[in-house]
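K.L.:
Please see the structure below; I have some questions.
The values are calculated or read from the model by the stated rules, or taken from the named source; none is laboratory data. Since the model is a prediction, treat every value here as computed from it, not as a measurement. All Cβ positions, glycine included, derive from the backbone under ideal geometry; neighbour counts span all protein chains shown. All accessible areas refer to the heavy atoms of the entire protein, side chains included, with ligands and DNA or RNA removed. Shrake-Rupley method; radii C 1.70, N 1.55, O 1.52, S 1.80 Å.
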Amino acid sequence: MKIIHKPNDLRSEIEKLKNTKGLSVGLVPTMGALHDGHLSLIKKCVKENDIAIVSDFVNPTQFGPNEDYAKYPRTLEKDSALCSEAGVDIVFAPAPEDIYDEYYFKHKETTLICPPYDVVNKLCGKSRPGHFDGVCTIVGKLFNITKCNRAYFGKKDAQQLFIIKKMVKDLYFDLEIIGCPIVREEDGLALSSRNTYLTAESRNLALNISQALFKAKELFDKGIKEADTLIDTALSYLEKPGLEAEYVEIVAQENFEKIDTLNKKAVMLIAAKVDSHEAKIRLIDNIEL
C-alpha cells in the first residue's frame, strides 16, 4: 500500500496502475478517524475493484466558523494501518494546501459546486449553511483526481448521499455511487468519528437517538403511517436533560421532500446535540421506513 499526498502524484500512480487494460478504480472518501463503519465501505470497495483508494482528508470548506474543524480527530498513522490490513492499494492524504490554492487561504473563497437550494436548505443544511457546497466541492475534486469507476458512501449521512447522487447525475460524472448500510455498536449506537468525543455518560444519553428511530420503525411496521405520530414518538425519546434535538423529520427517499403519510419509501432522520465535556456533540442517524 502507498500513502500519497500530492494530487498529481496520485494521478500519475493511477495512470501507471491502469496501464493494465480494464482495471477498475474504487474510491472511499473519508475524513479519517476510521472506524468499523468506514471499514465496511473499504472492504466492499476492495472486493469490487482492482484498485482501491481511500482518501483521508479533513476538508475545511465543509465546516462552519463555529464548528469543530480544528479539533476534528486526525489519526493518519492508525488509519493507514487499518487500510493496509483491509487490502487498500492507496491512501490519499493531502494537506489543505494540496487541495486548495493560495487564493482560498487569503480570501476564504474558492470555486464551489453548489447543489440546489431546496435540497440543501433543510435537515443538516439548515443549521450548517455552506456545508454541502464544501462536501460536493471536495468530492468532485476527488472524482476528478482519481477518475474512479465507483465511489462508496455510508447511508448514515443520508442527505449527503442523496445530494452526491444528484450531483453525479446533474454534472454527468462517469461513475457509480454506492450507498452502504449503517454500521452500529451492539447497543444500537451508529458509528461516528465524533463518538470519540463522548464520555461514558454522554454516550448512554446518545443511545436515545437510535432508540427513537427503532421505536418509530416498530410502530411503522405495526401499520402506523402518519408522519406526525411517528415523529412525536421519536421526540419523546429525545426530551432528556443534556440532549437537544435539532430536527426529527420524515422525507420520501426518492426526492427528500417531507411527507405527511408514509405511502412511499421514506426515511426518518434525526440530528441531536449531546452534552459532553462541557461541549455539545452533534450526532446524526436515520432509519428507512
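K.L.:
Between A33, A216, A200, where does the largest GNM mean-square fluctuation fall for the chain, given springs only between Cα atoms within less than 10 Å?
P.N.:
A200
K.L.:
Calculate for the chain the 222 nm mean residue ellipticity that helices alone would give, adding -39,500 (n - 2.57) per DSSP H run of length 4 or more and normalising by residue count, nearest 500 deg cm²/dmol.
P.N.:
Taking each H run of at least 4 residues, the total per residue is -12000 deg cm²/dmol.
K.L.:
Here is a further query. Which aspartates and glutamates have a Cα less than 17 Å from the Cα of K21, not counting those fewer than 8 places away in the same chain?
P.N.:
Correct list for K21: E13, E48, D50.
K.L.:
Right, something else. Which percent, to the nearest 5, of DSSP beta bridges fully inside the chain are antiparallel?
P.N.:
Taking every DSSP beta bridge within the chain, about 55 percent pair in antiparallel fashion.
K.L.:
Antiparallel versus total DSSP beta bridges in segment 1-97: what percent is that, nearest 5?
P.N.:
0 percent
K.L.:
Which is the longest run of the chain containing none of the trypsin sites (Lys or Arg not before Pro) found in DSSP loop states (not H, G, I, E, B) with at most 11 other C-beta atoms within 10 Å? Mind showing how you got there, number by number?
P.N.:
Numbers: sites that count: K21, K71, K108, K222, K264, K265.
In short, 109-221.
K.L.:
Once phi is turned into ³J(HN,Hα) by the Karplus curve 6.51 cos²θ - 1.76 cosθ + 1.60 with θ = phi - 60°, what whole-Hz value does each residue of segment 49-60 show in order, with x for glycine and proline?
P.N.:
Per residue, the Karplus-derived 3J(HN,Hα) values read 9, 6, 10, 10, 10, 10, 8, 10, 8, 7, 8, x Hz.
K.L.:
Work out from phi, with θ = phi - 60° and the Karplus expression 6.51 cos²θ - 1.76 cosθ + 1.60, the ³J(HN,Hα) of each residue of segment 183-190, listed in order in whole Hz, and give x for Gly and Pro.
P.N.:
Karplus values, whole Hz, x for Gly and Pro: 9, 10, 5, 4, 8, x, 5, 5.
K.L.:
Under the rule of at least 5 residues apart or a separate chain, name every residue whose amide H is placed under 5 Å from the amide H of C180.
P.N.:
F153, G154, K155
K.L.:
From the list (i) 17.5, 48; (ii) 18.5, 54; (iii) 19.3, 59, can you say which value of Rg and Dmax of the Cα atoms in Å was derived from the structure given?
P.N.:
Among (i) 17.5, 48; (ii) 18.5, 54; (iii) 19.3, 59, the one calculated here is (iii).
K.L.:
On to the next question. Mind listing the long-range amide H neighbours of K240? Cut-off is under 5 Å, sequence gap 5 or more, other chains count too, H placed in the peptide plane at 1.01 Å from N.
P.N.:
Answer set, sorted by chain and number: none.
K.L.:
A follow-up question, please. Can you give the local net charge around V120? Use residues other than it whose beta-carbon is closer than 14 angstrom to its beta-carbon, Lys and Arg +1, Asp and Glu -1.
P.N.:
Result for the local shell: 0.
K.L.:
Probe radius 1.4 Å, ligands and nucleic acids ignored: give me the carbon and sulfur share of the accessible area of the chain as a rounded percent.
P.N.:
49 percent
K.L.:
Students often forget the sequence filter, so: which lysines lie under 28 Å Cα-Cα from K215 once same-chain residues fewer than 8 apart are removed?
P.N.:
K122, K126, K155, K156, K225, K240, K258, K264, K265, K273, K280
K.L.:
Moving on. Please check: in the Gaussian network model of the chain (C-alpha springs, under 10 Å), which one of T20, T137, T61 has the largest mean-square fluctuation.
P.N.:
So, out of T20, T137, T61, the one fluctuating most is T20.
K.L.:
Could you give the distance between the Cα centres of segment 107-166 and segment 66-90, to the whole Å?
P.N.:
20 Å
K.L.:
What is the sum of charges around K225, taking Lys and Arg as +1, Asp and Glu as -1, for the other residues whose C-beta is under 13 Å from the C-beta of K225?
P.N.:
0
K.L.:
Per residue, how much accessible surface does the chain expose to a 1.4 Å probe? Answer in Å², no decimals.
P.N.:
With all protein chains present, the chain gives 50 Å² per residue.
K.L.:
Right, here's the next one. Tell me, what HN-Hα J-couplings in whole Hz come from the Karplus equation 6.51 cos²θ - 1.76 cosθ + 1.60 at θ = phi - 60° for each residue of segment 101-106, using x for Gly and Pro?
P.N.:
8, 4, 4, 4, 6, 7
K.L.:
Which value, in debye to the nearest 20, gives the size of the charge dipole of the chain about its Cα centre, when Lys and Arg are +1 and Asp and Glu are -1 at the Cβ? Please list the in-between numbers first.
P.N.:
On the way: 39 positive and 44 negative charges, 114 e Å.
About 540 debye.
K.L.:
If you find the alpha carbon centre of segment 249-289 and of segment 1-39, how far apart are they in angstrom?
P.N.:
32 Å
K.L.:
List, in the order given, every pair from K6/K106; K2/K169; K2/K147 whose Cα-Cα distance in the structure shown is over 25 Å.
P.N.:
As for pairs spanning more than 25 Å Cα to Cα, those are K2/K169.
K.L.:
Related question: Pull up all non-local amide H partners of I3: gap of 5 or more, or a different chain, and H-to-H distance under 5 Å with H placed in the peptide plane.
P.N.:
Long-range HN contacts for I3: V91.
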